1. Which members of segment 157-185 meet the condition of being crowded, with 16+ Cβ neighbours inside 10 Å and more than 16 Å from ligand 2 (Cβ to nearest atom)?
2. Looking at (1) free of Cβ contacts under 8 Å to residues at least 40 places away in the same chain; (2) assigned to a loop (DSSP other than H, G, I, E, B); (3) not assigned by TED's automatic domain parsing to the domain that holds Asp349, which is the one condition that is false for Asp145?
3. Out of all the residues in segment 285-309, which are surrounded by 17 or more Cβ atoms within 10 Å (Cβ to Cβ) and assigned to a helix (DSSP H, G or I)?
4. Would you call Asp349 in a helix (DSSP H, G or I) and in contact (Cβ under 8 Å) with a residue 24 or more places away in the chain?
5. How many residues are within 15 Å of ligand 2 (Cβ to nearest atom) and under 13 Å from the mean Cα position of the chain (by Cα) if we restrict to segment 92-124?
6. Select from segment 87-138 the residues that are assigned to a helix (DSSP H, G or I) and aliphatic (A, V, I, L, M) and write down the one among them that is farthest from ligand 1 (Cβ to nearest atom).
7. Give segment 256-284 a look and list any residue that's part of a loop (DSSP other than H, G, I, E, B) and within 15 Å of ligand 1 (Cβ to nearest atom), or say none.
8. Only one of these is away from ligand 1 (no atom under 14 Å from the Cβ) and either assigned by TED's automatic domain parsing to the domain that holds Pro249 or not hydrophobic (A, V, I, L, M, F, W, C) (or both): Asp28, Asp84. Name it.
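The values are calculated or read from the model by the stated rules, or taken from the named source; none is laboratory data. For clarity, every value in this text was computed on a predicted model and none was experimentally measured. Note that we place each Cβ from the backbone using ideal geometry, even for glycine, and neighbour counts take in every protein chain shown.
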Amino acid sequence: MIAFVFSQQLYRVKIQIMNKKIAVLPGDGIGPEVIQEAVKVLDAVAKKFHHTFEYKTAKIGAAAIDTVGNPYPQETHDICLWSDAILFGAIGDPKYDNNPSAKVRPEQGLLAMRSTLGLYANIRPIKSYNSLLDASPLKPEIVKDVDFVVVRELISGIYFGSPRGRSEDGKHAFDTCEYHADEILRITEKAFQYARNRKKKVTLLDKANVLATSRLWREVVSGYAAQNPDITYEANFIDSAAMHMIQRPNQYDVILTGNMFGDIISDEASVITGTLGLLPSASIGEKAALYEPIHGSYPQAKGKNIANPMATILSAAMMLEYSFGWLDEAKTIEAAVEKALEQNIVTEDIKQGKYGTNEVGDAIIQFILD
Ligand code: IPM
Ligand code: MG
């Protein structure tokens, strides 16, 4: 009898844990529109699988500069810390580009958030969809069955090194690329962990023929690889990899790389899928995890109901899998997105699709609930 009561209590505790707190940061441009669809999808998953989500919305980027003068306000930071996971839209507004007098830029909000939350591991999966093989500018036989993930170091390297700035006369500018061995090691551990659940191969991309930081990367990563012989390890130079990625994208499983190289190579990798509008990402740290589409704020499309919500919806699926361990729920979203792709219920970035942002979201929800 006691055992029975005890297990019933455990059951109740378990039910409570299913209530997850999500910080919703729509940001700028098309951010609010794609986030709205992702939240609708999360609500559909909650309904189907009997979960509950508690959302708190916060400002970031230009939207935050315009209202409180800070691209990453304290209140937003507090909401991020309160949450179990963060869903983020996009950042950036053209009124700050080519405006040298702007003291603060929206992108600083994203960098500040990554850095203060310690989101050191950026995970960007690149996968080709059979129904979209002809949407890529690459030949279908090159694109077919591509399935790799870029693991990018996110809070160090040239993005954050010091000193940085300008000389007094404005004629000399400088940035510093720096890495510490422990920063390299923690992202290496993450990359090997991912490889272990995949095709068991890690490729380090660097510029070790020129840069001291890259030589430190090689030292740390090859040392770790020697202790983890279950994973095949190789190191390539980033410039030749930029070429090979287009020629033979199938050779990759897990790409491990630093902040700047990862930024560039992941945009290049998006060409394989045929559209940036499909690529999700996760940024993981010790204290927080953030999920966001790879695409930017696409200001030209703002308010037109033409932005592809799939990357954000797939980012929400990554949240369910990575932060909450809900594999079935994540797979359900992915299957619904694939179904929409197969039935051509897509926005204009994919084969001149005729559907609006909200119609694509509605169709995906329908497939989830069916
Ligand atoms: C990305 C973006 C950001 C970056 C910008 C918006 C600061 O390009 O997430 O890839 O450079 O990291
Ligand atoms: Mg980028």
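1. Applying the first criterion (crowded, with 16+ Cβ neighbours inside 10 Å) to segment 157-185 yields 157-161, 177, 179, 183-184.
If the condition is that a residue be crowded, with 16+ Cβ neighbours inside 10 Å and more than 16 Å from ligand 2 (Cβ to nearest atom), then Gly161, Cys177, Tyr179, Glu183, Ile184 are the ones that fit.
2. In the conditions (1) free of Cβ contacts under 8 Å to residues at least 40 places away in the same chain; (2) assigned to a loop (DSSP other than H, G, I, E, B); (3) not assigned by TED's automatic domain parsing to the domain that holds Asp349, Asp145 misses (1) alone.
3. Once the filter is applied, which keeps residues that are surrounded by 17 or more Cβ atoms within 10 Å (Cβ to Cβ) and assigned to a helix (DSSP H, G or I), segment 285-309 yields Pro299, Ala301.
4. No, not satisfied.
5. Here the count works out to 6.
6. Leu133
7. Our first condition is that a residue be part of a loop (DSSP other than H, G, I, E, B); within segment 256-284, this holds for 258, 274-275, 279.
Scanning segment 256-284 gives Gly258, Leu279.
8. Among Asp28, Asp84, only Asp84 is away from ligand 1 (no atom under 14 Å from the Cβ) and either assigned by TED's automatic domain parsing to the domain that holds Pro249 or not hydrophobic (A, V, I, L, M, F, W, C) (or both).
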